[in-house]
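These notes are about the structure you will find just below.
Taken together, the values in this text are just the output of simple stated rules run on the coordinates, not laboratory data. Just so it is clear, the model here is predicted, and its values are computed rather than measured. Because the Cβ atoms are built from the backbone with ideal geometry, glycine has one as well, and the counts that use them run over all protein chains shown.
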Amino acid sequence: MSLWSLVSFGNILFLIAAIAALSLRSPALKVGVIILSALVIKFRPGFDTENILFMASLFFALILNSVLPFRPRMNAVVAVVGGIALLNIGLIFL
């Protein structure tokens, strides 16, 4: 699999996981969605820096969603875009 296909698959999975995590109320379910999506995206065998970066950017999106002062839907859009940007910038430097 090429790097481009992994990055595009990661962006799509990030979008799905972020929307699922943002729509849930329970913090335990949010963490469960993040860990499950990190297990699905497995770039390589084992637990490596790409998976940690993926989970960190999802947590960043959740935190950003809770601290932004806009309306809830606008917060979600900004949080998801910010998380995807953080993920892609982080993947550039790995």
Review point. So what is the 222 nm mean residue ellipticity for the chain from helices alone, if each DSSP H run of at least 4 adds -39500 (n - 2.57) and you divide by all residues, rounding to the nearest 500 deg cm²/dmol?
Key: -27500 deg cm²/dmol
Revision key, fill the gap. Stretched fully, the stretch from residue 26 through residue 70 gains (0.36 nm per residue minus C-alpha distance, one decimal, in nm) 13.7 nm
Point to revise | the chain: most fluctuating residue of 18, 28, 79 per GNM, C-alpha cutoff 10 Å | key: 28
Check your understanding: If each residue's Cβ is checked for other Cβ atoms within 10 Å, how do 67, 77, 33 rank with the fewest at the top?
Key -> 67, 77, 33
Check your understanding: Just from the alpha-carbon atoms, what are the Rg and Dmax of region 3-92 in angstroms?
Key -> 12.5, 40
Revision key, fill the gap. Taking R0 as 22 Å and r as the Cβ-Cβ distance between residue 48 and residue 19, the FRET efficiency 1/(1 + (r/R0)^6), rounded to the nearest 0.05, comes to 0.30
Practice item. Considering Cα pairs under 8 angstrom that are at least six residues apart, work out the relative contact order of the chain and quote it in whole percent. Key: 29
Check your understanding: Taking neighbour Cβ counts within 10 Å as the exposure measure, how do 26, 37, 8 sort from fewest upward?
Key -> 26, 8, 37
Study note, to complete from the structure: Net charge near residue 22 (other residues with Cβ under 15 Å of its Cβ; Lys, Arg +1; Asp, Glu -1) is +4
Practice item. Would you mind counting up the charge near residue 79? Only other residues with Cβ under 15 Å from its Cβ, with Lys and Arg at +1 and Asp and Glu at -1. Key: +3
Study note, to complete from the structure: The helix 27-41 Cα axis meets the longest alpha-carbon principal axis of the chain at an angle in degrees, between 0 and 90 and rounded to 10, of 20
